[in-house]
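Here's a structure for you.
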Amino acid sequence: MPRLFSTFLFLIICYTSQAGIIRGRVYGEKQSPLPFASIFIKGTTTGTTSNGAGVYQLDLPAGTYTLVCQYMGYKKTEKNITVTDAVQEIDFVLIPLSLQIKEVVVKSGGEDPAYAIIRQAIKKRPYYLNQVKEYTCNDYIKGIFKTRDVPNRFFGQKIDKKEMGVDSTGKGVLFLSESVTKVSYKAPEDVKVEVISARQSGGGLGFSFPAFIDFYENNVTAMLSQFNKRGFISPIADNALLYYKYRLEGVFQDDGKTVNKIKVIPRRKYEPLFSGYIFITDDDWRIHSTDLLVTQDYQLEIMDTLHIRQIHVPVNADVWRTKDQVIYISLKQFGFDLVGNFVNVYSNYDLNPGFAKKYFGKTLLRYDTAYDSKGLAYWDSVRPVPLEPEELKDFHEKDSTARARKDSLSSSRELDTLRKRQKPLNPVNLFWGGINRNFYFKRDTGIYSHQLNIKPLITQLEYNTVEGVSVNFEPTLSFSLPQKQSLQIFSSVRYGSSNSHLNSYTYLTWKKDGRLAGRYGSNSLTIGGGKRISQFNRDNPIVPLANAFYTLLLKENYMKLYENWFGMLSFSRRFENTATITLGASYEDRMPVENTTDFVIFKNDKKQFTPNHPYELANVPFQKNQALVLNFAFSFQPGQRFIELPDRKVPLGSKYPTFSVAYDKGIPDIGGSDANFDKWRVQIKDNMNFKLFGEFHYRIGAGGFLNDKHVDIPDYQHFNGNQTFYNINYLNSFQLAPYYQYSNTASLYGVANVEHHFNGLLTNKIPLFNRLKWNLVAGSNTFYVNRDNNYVEVFAGLENIFKLIRVDVIAGYQSKEDTRIGVRVGFGGLFGGMLSSGQGQR
């Protein structure tokens, strides 16, 4: 009750008194500054935090207070102050804690007394985790990334250090932002963050989402899940004693409470574990503060170290919450040496906010309409952590440059600079390296550009038995139009050296972002036509490079093609919640083509090329035909959460799966169309993260033909087979199945692709694998049409090889055939998974 009264009295004073400024430095031994020390008014969570140089500043209403300075490992110091309208300099010199070893009864076996304390903390963990059912608080966030070294070249490309914003030695600030937010929480999982103000040096949204790191959780998410998808085991998790050893370093007194300093020691390397110190109070067994570290030896990815320091303080007589949190980051990759920190200062906790019924909704992060319009005076008045000299310099220089670019005269100069900066066109680039050209121009709202991109011809060379060597010329011209519109023109000109055929087609795609019926989204309209060569399976199950390798070296022509004159029209609407609806129509005049060459590098008289017609469908004729097909598709993921910007909402994803349906209708007797069919399919897919137990990915679908009066091979239901050593389309393919053996026009089929990524589980206990961080992956792919047409394969493999490669061993079973055994190589792991997901969705 006295604490509640003092808080209430303090708030009254805030509204009725004149403000004064208290500032100073926090020192340790030998006048060394103490970075990110916590300074606050006793009995409240109102306060500030010193910066990296130990400097602090606090604005207070006139009155008398007890100012508390707290720093981990040092004795808490209090000073009584009287605030007037004059600026006061008050320094703190903190004394290192003199830890005492309390008297304990040592159990048989010599167990360290820390274990008894940790067991009590584990028992109390669920209570403290669920103690607060709802609250609001303010959070100031400041984040900075700096370079200590930058390579001169990266993957063969010269690095412009000046453009990066660093000096010639590779040192400088890459990223700097600060923001003031209001955090609202209601159990069990409702969170809403309102960004009151935010700024990033040079412009941008900055980093405005609080890093919620709760060591009362069994599994701790340290900032972003990409750093370790399994999470990290808390030192007071239910099963923590299986993973950690503990040692009591000593005790000290804090406001009449005995605080135990306990060293946290991982039992084994290569588990997702912390090391460092956790401070636990006696009797109530709550977290007082933490000083914990994660390194790459303990399954941290991307970064080298992640260091988390927290200080918890009383909000009332029963509840403690995080007051300050500092996250230190270091990273050395590819010659880059980066360090950074993110400071969170929490204040003004309200444990009884009384939220309205629909307060939370679907918005997770909302930016105020005036979040980026605050002046320097505002920031100086609200910032609890004083900026350091290099931060002041970075804000000043980059903000000045950004303002200058907005000026019309400076924009004209910038336009000239951008135009001059482009390297002159080099004919060699047409063959190697490609051409990427920007045509800059100016509008009232800024500088924009049209773009020309041409893929290098050397990468566009293909080889197959129908065309021989084919040369592809594929320019793309993109126009930036007013009112968030764009127009893209893509053309392809292809010539086959063996069949002497020239194919050429063009797509025009118009896009516009905007509102429809009051909802933000994007529209896309595509029209295209010309003459092309296509695989019978429109999912393109075999990539040209793999086909050329097998054709030239192993005399296997897996790619089966047909030519077609075509025209198409498609409209797509992507809604604010990511639901997408697509309507389209296509017309093809299809022509069969034959093999025209049998050239190979290594001759093999024992093997012959198969005909261009899919040999698995030898009994299904393919002759010249026409097909007019209407298409409909819809996909939806319920439960989307959003970032709400002043002008739109940005979806963040959902814990629920994505559902999709599609329907194709073959229309006969129009334009000579022979097609007459009704084809449907439904699908559900999701990625589920089970933290310590890995990730489970699945795709389950069904479909069939309601009407199959006339269906040609391109319109069949195809299952994406794979007869090469290479595969990336894991959740939409069958790694050992022939390409067209199971194609059908059945009325019903079912298909399922599942795989589990162990993400270090099991392999972290195997020598060598745990050091290399090669992870186990396993799963199964199956479909069922009928008793004669079904297939199932199971696989197990290793991924994250060099952070990029995945290797699977697969066994495939079909009811009337012998078991197939094979090995497939693709992309998988930390970086490989990004490539696989991007390339696999063709």
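Please treat every number below as a calculation from the coordinates, not as lab data. Since this is a predicted model, take the numbers as computed values, not measurements. FYI the Cβ positions are ideal-geometry reconstructions off the backbone, even for glycines, and counts take in every protein chain you see.
Would you mind ranking SER660, SER50 so that the residue whose beta carbon has the fewest other beta carbons within 10 Å leads the list?
Working: SER660 16, SER50 26.
With the fewest neighbours first, SER660, SER50 line up as SER660, SER50.
Which distance in nm do the two modelled labels at PHE549 and ALA187 give, with both placed 7 Å along the Cα-to-Cβ direction?
If labels sit at PHE549 and ALA187, their model points lie 5.5 nm apart.
Also, quick follow-up: Under 20 Å from the 7 Å Cα→Cβ point of THR417, by amide nitrogen: which residues of the stretch 430-452?
438-450
Counting other C-beta atoms within 10 Å, and keeping those with at most 16, which DSSP coil trypsin sites (Lys or Arg not before Pro) do you find in the stretch 168-215? Spell out each step's value before the answer.
Numbers: sites: LYS171, LYS182, LYS186, LYS192, ARG199; in loops: LYS171.
When the trypsin sites (Lys or Arg not before Pro) of the stretch 168-215 are filtered for loop state and at most 16 Cβ neighbours within 10 Å, LYS171 remain.
By count of other Cβ within 10 Å, fewest leading, how are MET591, MET303, MET688 ordered?
Details: MET591 15, MET303 21, MET688 12.
So the ranking, lowest neighbour count to highest, is MET688, MET591, MET303.
Can you tell me how much longer the chain between TRP379 and ASN316 gets when fully stretched, taken as 0.36 nm per residue apart minus their C-alpha distance, in nm with one decimal? Let's see the in-between values first.
Values: separation 63, 0.36 × 63 = 22.68 nm, distance 2.91 nm.
Using 0.36 nm per residue and subtracting the Cα-Cα distance, I get 19.8 nm.
Report the local net charge at LEU461: Lys and Arg +1, Asp and Glu -1, summed over other residues whose C-beta lies under 15 Å from its C-beta. List each step's numbers first, then the result.
On the way: positive: LYS455, ARG494; negative: GLU462, GLU467, GLU474.
Net charge in that neighbourhood comes out at -1.
Give the Cα extents of the stretch 276-340 along the principal axes, in whole Å, largest first.
Principal-axis extents of the stretch 276-340 (Cα, largest first): 51, 20, 13 Å.
Arranged by the count of other C-beta atoms within 10 angstrom, fewest first, what order do ASP324, ASP112 take?
Working: ASP324 29, ASP112 17.
Result, fewest neighbours first: ASP112, ASP324.
Let me ask you something else. Using Cα centres only, tell me the gap between the stretch 184-208 and the stretch 37-53 in whole Å.
Using only Cα atoms, the two centres lie 21 Å from each other.
Sort out the exposed loop chymotrypsin sites (Phe, Trp or Tyr not before Pro) in the chain (DSSP loop, at most 10 other Cβ within 10 Å) and tell me the longest stretch that has none. Write down the numbers at each step before the final one.
Numbers: sites that count: PHE155, PHE334, PHE602.
Answer from the scan: 335-601.
Just to confirm the filter: which trypsin sites (Lys or Arg not before Pro) across the stretch 300-390 are DSSP coil and have at most 12 other Cβ within 10 angstrom of their Cβ?
On the way: sites: ARG309, ARG321, LYS323, LYS332, LYS357, LYS358, LYS362, ARG366, LYS374; in loops: LYS357, LYS358, LYS362, LYS374.
Sparse-neighbourhood loop trypsin sites (Lys or Arg not before Pro): LYS357, LYS358.
Per residue, how big is the convex hull around the C-alpha atoms of the chain? Give it to me in cubic angstrom, could you?
Details: hull volume 178.9 nm³, N = 842.
Once divided by residue count, the hull of the chain is 212 Å³.
Could you name the aspartates and glutamates whose alpha carbon sits less than 15 Å from that of LYS124, not counting residues in the same chain fewer than 8 places away?
Partners found: ASP214, GLU217, ASP238, ASP282, ASP283, ASP284, ASP318.
Decide, for the stretch 114-401, between rounded, prolate and oblate: order the square roots of the alpha carbon gyration tensor eigenvalues as a ≥ b ≥ c, take rounded if a/c falls under 1.5, and otherwise choose prolate if a/b is larger than b/c, else oblate. Don't skip to the answer; put the middle values down first.
On the way: a/c = 2.01, a/b = 1.28, b/c = 1.57.
Since a/c reaches 1.5 but b/c is at least a/b, the shape of the stretch 114-401 is classed as oblate.
Count charges around SER478 for me, please; just the other residues with Cβ under 12 Å from its Cβ, Lys/Arg as +1, Asp/Glu as -1. Each step should come with its number before you reach the end.
Values: positive: ARG437, LYS511; negative: none.
Overall, the nearby charge balance is +2.
Sort largest first and round to whole Å: the equivalent ellipsoid semi-axes of the stretch 613-734, each the square root of five times a Cα gyration tensor eigenvalue.
Details: eigenvalues 260, 98, 29 Å².
Working from the Cα gyration tensor, I get semi-axes of 36, 22, 12 Å.
Between LEU525 and THR64, with labels modelled 7 Å along Cα→Cβ, what's the label distance in nm to one decimal, could you check?
Label at LEU525, label at THR64, 7.6 nm between them.
Right, something else. Would you mind getting me the FRET efficiency between GLU474 and GLU134? Use the beta-carbon distance for r and R0 = 60 Å, nearest 0.05. Spell out each step's value before the answer.
On the way: r = 56 Å, r/R0 = 0.94.
Efficiency computed from Cβ-Cβ geometry: 0.60.
Testing the spin-label approximation: label points 7 Å from Cα along Cα→Cβ at GLN31 and LYS607. State their distance in nm.
8.0
Okay, next question. Using a 7 Å offset from Cα along Cα-Cβ at ASP678, what residues in the stretch 695-719 end up with backbone N under 11 Å from the label point?
705-708
Give, rounded to the nearest 20 debye, the magnitude of the charge dipole that the chain has about its Cα centre when Lys and Arg contribute +1 at Cβ and Asp and Glu contribute -1 at Cβ.
Numbers: 101 positive and 82 negative charges, 105 e Å.
Dipole of the chain, to the nearest 20 debye: 500 debye.
Mean separation of Cα pairs under 8 Å and 6+ residues apart, divided by the residue count of the chain: what relative contact order is that in percent?
Working: 2028 pairs, mean separation 59.3, N = 842.
With pairs under 8 Å counted, the relative contact order is 7 percent.
For a Förster distance of 60 Å, can you work out the FRET efficiency between the beta-carbons of ALA116 and ALA53, rounded to the nearest 0.05?
Plugging the Cβ-Cβ distance into 1/(1 + (r/R0)^6) gives 0.90.
Could you tell me the calculated FRET efficiency between ASN152 and LYS257, based on Cβ-Cβ distance and R0 = 45 angstrom, to the nearest 0.05? Could the numbers behind the result be given before it?
Details: r = 55 Å, r/R0 = 1.22.
Working from the Cβ atoms, E equals 0.25.
Could you tally the net charge around ARG824, taking each other residue with its Cβ under 11 Å from the Cβ of ARG824, Lys/Arg +1 and Asp/Glu -1? Walk me through the intermediate numbers first.
Numbers: positive: ARG806; negative: GLU793, ASP808.
Combined, the nearby Lys, Arg, Asp and Glu give -1.
Still on this structure, I have one more. Work out which GluC sites (Glu not before Pro) in the chain are exposed loop sites (DSSP not H, G, I, E or B, at most 14 other Cβ within 10 Å) and give the longest gap free of them. Don't jump to the answer; show the numbers that get you there.
On the way: sites that count: GLU103, GLU111, GLU189, GLU594, GLU817.
Longest gap between qualifying sites, sites excluded: 190-593.
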